[in-house]
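Below: the structure, in structure tokens.
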Amino acid sequence: MELAYIPSPSHGVLHLGPIPLRAYAFCIIIGVFLAVWLGNKRWIARGGRAGTVADIAVWAVPFGLVGGRLYHVITDYELYFSEGRDWVDAFKIWQGGLGIWGAIALGALGAWIGCRRRGIPLPAWADAVAPGIAFAQACGRWGNWFNQELYGKPTDLPWALHITSSTDGRVPGYYHPTFLYESLWCVGVGFLVIWADRRFKLGHGRAFALYVAAYCVGRGWIEYMRVDDAHHILGLRLNDWTALVVFLLAVLYIVISARTRPGREEIVEPGAAEDASAEDAADDKSDDTSEGKTEGTSEGKTEGKTEGKTEGGTGEDAGEAGTDGESVDLGKETATESAKPESAKSSETTASASVTESGKKTEPETESVARDEAGSAKKS
């Protein structure tokens with residue numbers, strides 16, 4: 001009895017009513033989305049348009065799935081065409097069985113078709129998506145965990161994988177989790193490609209070739225640990241020989257490409273730079289327009305406030321001037337009266353008395369006139 005181990009899922013499918021949701025398929029879908037998302041970011045950083053990676057992936061992904069399935073069926077044909085087997089099972093991709101070598105080969109053909117339609121170089125696109133493909137493989141390997149397949153030799157390590165299924169020749173027990181080893185290795189390959197691409201400015205397909213070479217190194221020792229049935233050549237599993245040949249080809253490509261086409265592509269997508277410049281110019285123009293409107297509004301408000309304050313101040317000054325003028329006039333009158341001689345004052349007093357007497361005599365007439373004026377005012 002092992003005290004520590006990695007448990008295996010009891011089943012790899014959930015049913016949403018009549019619709020089966022298979023974990024293996026979900027792992028592949030998550031990996032595809034991750035590869036496209038990261039590839040798009042890297043493609044834009046290299047000067048390409050947003051969405052180009054996804055447009056080409058529409059061609060590459062279906063071709064890759066078909067190629068991966070074909071490689072698996074051809075190399076393990078006895079699982080589908082031997083006595084007692086049903087050849088229809090060769091189309092049941094959800095049950096597992098995708099060969100990465102066929103997926104990359106036929107997927108590259110689909111990518112080439114998509115790149116040709118868009119008028120962009122395939123090596124540049126492959127460099128952009130290379131680390132994303134490695135991360136997608138890391139996600140896809142967890143589908144093998146759900147299906148309890150592609151495990152290694154028996155082990156008593158604390159991270160041993162506990163296999164519980166006994167179908168298709170499986171023997172329950174504790175085995176090396178080769179799916180986990182390969183998943184972690186692919187994550188490391190993805191980060192290696194990102195680092196090397198930034199450090200050495202890889203171009204013309206060399207970043208993709210580095211991914212292929214690094215993956216082959218890991219696949220070689222992980223494949224050697226597996227115990228599932230496979231064809232052997234000179235004592236080595238077929239996938240080991242495939243990994244060795246592909247590794248040598250990838251390294252050879254890196255060396256020759258670095259000599260014949262050093263550096264990185266300056267233009268990866270024709271017209272993308274012009275589009276970016278036009279968008280920047282449009283953004284600058286809209287910013288200038290917004291700034292002009294803001295400045296005009298601010299100046300209008302400032303001038304309005306200044307004019308209002310100026311007019312208000314002028315009115316107040318005029319009012320104060322008028323008040324001062326009235327005060328001066330009253331002062332002048334007072335000074336004039338005080339300066340008059342006594343004879344003049346007595347004359348004015350006598351005149352006032354006369355006016356008073358005459359006013360008393362005509363008082364009825366004055367009252368009558370006042371009444372008439374008051375009535376006219378009420379009518380109006």
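The values are calculated or read from the model by the stated rules, or taken from the named source; none is laboratory data. The structure presented is a predicted model; accordingly, all values stated were derived computationally and were not measured. Every residue, glycine as well, gets a Cβ built from its backbone with ideal geometry; the counts of neighbours run over all protein chains shown. The accessibility values were calculated without ligands, DNA or RNA, using every heavy atom of the protein model including side chains. Shrake-Rupley method; radii C 1.70, N 1.55, O 1.52, S 1.80 Å.
Among Ile6, Ile28, Ile74, which is the only one that is under 22 Å from Gly143 (Cα atoms), open to solvent by less than 50 Å² (accessible area, probe 1.4 Å) and over 35 Å from the mean Cα position of the chain (by Cα)? Give the derivation first.
Working: Ile28 fails: over 35 Å from the mean Cα position of the chain (by Cα); Ile74 fails: open to solvent by less than 50 Å² (accessible area, probe 1.4 Å).
The unique qualifying residue is Ile6.
Test each condition in (1) closer than 16 Å to Cys27 by Cβ; (2) modelled with pLDDT of 95 or more for Gly143 and report the one that comes out false. Unmet condition: (2). Of the numbered criteria (1) in contact with a strand residue (DSSP E or B) (Cβ under 8 Å, 6 or more places away or on another chain); (2) assigned to a loop (DSSP other than H, G, I, E, B); (3) open to solvent by 60 Å² or more (accessible area, probe 1.4 Å), the one His11 fails is (1).
Thr164 satisfies every condition listed in (1) exposed (fewer than 13 other Cβ atoms within 10 Å of the Cβ); (2) modelled with pLDDT of 95 or more except (2).
Taking the conditions exactly as written (crowded, with 17+ Cβ neighbours inside 10 Å and under 18 Å from Asp228 (Cβ atoms)), does Gly96 satisfy them or not?
On the way: crowded, with 17+ Cβ neighbours inside 10 Å: yes; under 18 Å from Asp228 (Cβ atoms): yes.
Criteria met by Gly96.
Results for (1) hydrophobic (A, V, I, L, M, F, W, C); (2) under 19 Å from Gly205 (Cβ atoms), shown as yes or no for each residue.
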| residue | (1), (2) |
| --- | --- |
| Arg46 | no, yes |
| Tyr71 | no, no |
| Phe91 | yes, no |
| Gly132 | no, yes |
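For region 167-178, a tally of residues being buried (at least 22 other Cβ atoms within 10 Å of the Cβ) and either part of a helix (DSSP H, G or I) or under 27 Å from the mean Cα position of the chain (by Cα) (or both) returns 1. With respect to (1) part of a helix (DSSP H, G or I); (2) open to solvent by less than 80 Å² (accessible area, probe 1.4 Å), the lone exception for Gly48 is condition (1). Close Cβ contacts (under 7 Å, 6 or more residues apart or on different chains) running from residues in region 1-19 that are farther than 18 Å from Asn147 by Cα to residues that are modelled with pLDDT of 90 or more and part of a strand (DSSP E or B) comprise Glu2/Tyr174. Whenever a residue of region 223-236 is β-branched (Val, Ile, Thr), its partners that are at pLDDT 90 or above and open to solvent by 40 Å² or more (accessible area, probe 1.4 Å), lying with C-beta atoms within less than 7 angstrom and at least six residues away or across chains, give the pairs Val227/Lys153; Ile233/Trp241. What do you reckon, is Trp195 open to solvent by 60 Å² or more (accessible area, probe 1.4 Å) and either modelled with pLDDT of 95 or more or over 30 Å from Arg49 (Cα atoms) (or both)? Against the criterion (open to solvent by 60 Å² or more (accessible area, probe 1.4 Å) and either modelled with pLDDT of 95 or more or over 30 Å from Arg49 (Cα atoms) (or both)), Trp195 qualifies.
Taking Arg116, is it basic (Lys, Arg), modelled with pLDDT of 95 or more, at negative phi and assigned to a loop (DSSP other than H, G, I, E, B)?
Details: basic (Lys, Arg): yes; modelled with pLDDT of 95 or more: yes; at negative phi: yes; assigned to a loop (DSSP other than H, G, I, E, B): no.
In short, no.
In the set (1) without any contact (Cβ under 8 Å) to a residue 12 or more places away in the chain; (2) open to solvent by 40 Å² or more (accessible area, probe 1.4 Å), Tyr80 fails one condition alone, (2). Before we move on, is Gly190 closer than 28 Å to Val246 by Cα, small (Gly, Ala, Ser) and open to solvent by 10 Å² or more (accessible area, probe 1.4 Å)? The answer is no for Gly190.
Here's the yes/no breakdown for (1) aromatic (Phe, Trp, Tyr); (2) in contact (Cβ under 8 Å) with a residue 60 or more places away in the chain; (3) assigned to a loop (DSSP other than H, G, I, E, B); (4) surrounded by fewer than 22 Cβ atoms within 10 Å (Cβ to Cβ):
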{"residue": "Ala136", "(1), (2), (3), (4)": "no, yes, no, no"}
{"residue": "Leu180", "(1), (2), (3), (4)": "no, yes, no, yes"}
{"residue": "Tyr211", "(1), (2), (3), (4)": "yes, yes, no, no"}
{"residue": "Gly220", "(1), (2), (3), (4)": "no, no, no, yes"}
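Can you find a residue that is crowded, with 22+ Cβ neighbours inside 10 Å and over 21 Å from Ser257 (Cα atoms) anywhere in region 117-133? Yes: one or more hits. In the condition set (1) within 18 Å of the chain's Cα centre (by Cα); (2) open to solvent by less than 40 Å² (accessible area, probe 1.4 Å), Ala23 is compliant with all but (1).
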